[in-house]
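Throughout, read-outs are computed from the coordinates displayed, never taken from laboratory work. All values reported here derive from a predicted model rather than from experimental measurement. Here the Cβ positions follow ideal geometry from the backbone for every residue, glycine too, while neighbour counts run over all protein chains shown.
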Amino acid sequence: MITQEIIGKQVKVVESNNPSNKGITGKIVDETKSTITIKTKNGNKKMIKQQNTFEIENKGQTFLIEGRLLEKRPEERVSLK
């Protein structure tokens, strides 16, 4: 999952250094080297990858991913296949 495109996937923050981020759910709408932006019902939330652990849904499966494993530019990470 860490070598796949994550924009457009459903996501939930399951662990975070910031307790107020835990439980945020929505769709990933943007990604940079160190952040992802999640579209929630209350607007967009920018999350620092390294500070969070995410559940990301892909093709009916749910993957638990530590954000630090996603810390590359999207195009660099996807080319690791």
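Numbers for the structure displayed
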read-out	value
The chain: relative contact order in percent, alpha carbon pairs under 8 Å with at least 6 residues between	31 percent
Percent of Cα pairs exceeding the 18 Å cut-off, where the set is the chain	32 percent
Net charge over other residues, Cβ less than 10 angstrom from the Cβ of Val13 (K, R count +1; D, E count -1)	+1
